[in-house]
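To start, the structure itself, in structure tokens.
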Amino acid sequence: DYPHDDGASADEVWHSTHTTLALRRGDVDERALLLCCLLLGFGLDAYVCLGTDRRGPHVWVLTRGEGGSASFWEALTGEVY
């Protein structure tokens, strides 16, 4: 199961970016989807990635730069690595 702010399971349907903006809140997966859409709008090559970190299942946004460089974005904190 992927982590959710409200304790819901991974079977939950992701809200659209419009709904996330209208509600002014979202789970990590919905925030990652919103971030990915914003980065795509800025012309970046962006993808939502599902995986695991040291705490378990997680969602990130990946952007690919020229020359094959990759950056991972934390949707909850804005941290980039």
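The values are calculated or read from the model by the stated rules, or taken from the named source; none is laboratory data. Just so you know, these numbers come straight off a predicted model, no measurement behind them. Heads up, the Cβs are rebuilt from the backbone with ideal geometry, glycines too, and the neighbour counts pull from every protein chain shown. What goes into the accessible areas is simple: the full protein's heavy atoms, side chains included, and nothing from ligands, DNA or RNA. Shrake-Rupley method; radii C 1.70, N 1.55, O 1.52, S 1.80 Å.
Against the longest principal axis of the chain, how steep is helix 28-41, in degrees 0 to 90 to the nearest 10, with axes from Cα atoms? Between helix and principal axis, roughly 30 degrees. The portion of the accessible surface of the chain made up by carbon and sulfur, rounded to a whole percent, is 55 (1.4 Å probe; DNA, RNA and ligands excluded).
Across the chain, C-alpha contacts under 8 Å between residues 6 or more apart give a mean separation that, scaled by the residue count, equals a relative contact order of 23 percent.
Can you give the helix-only mean residue ellipticity at 222 nm for the chain, where every DSSP H stretch with n ≥ 4 adds -39500 (n - 2.57) and the sum goes over all residues, rounded to the nearest 500 deg cm²/dmol?
On the way: 2 runs with 21 residues, N = 81.
Rounded to the nearest 500, the figure is -7500 deg cm²/dmol.
Comparing 77, 41, 56 along the charge dipole axis of the chain, the residue lying farthest to the positive side is 41, per the Cβ-charge model.
Just to confirm, what accessible area per residue do you get for the chain at 1.4 Å probe, in whole Å²?
Computed with neighbouring chains in place, this is 66 Å² per residue.
Let a ≥ b ≥ c be the square roots of the eigenvalues of the Cα gyration tensor of the chain; is it rounded (a/c under 1.5), or, if not, prolate (a/b larger than b/c) or oblate? Cα axes put the chain in the oblate bin. Note on residue 23 and residue 76: the model spin-label points, each 7 Å out from Cα along the C-beta direction, lie 1.6 nm apart.
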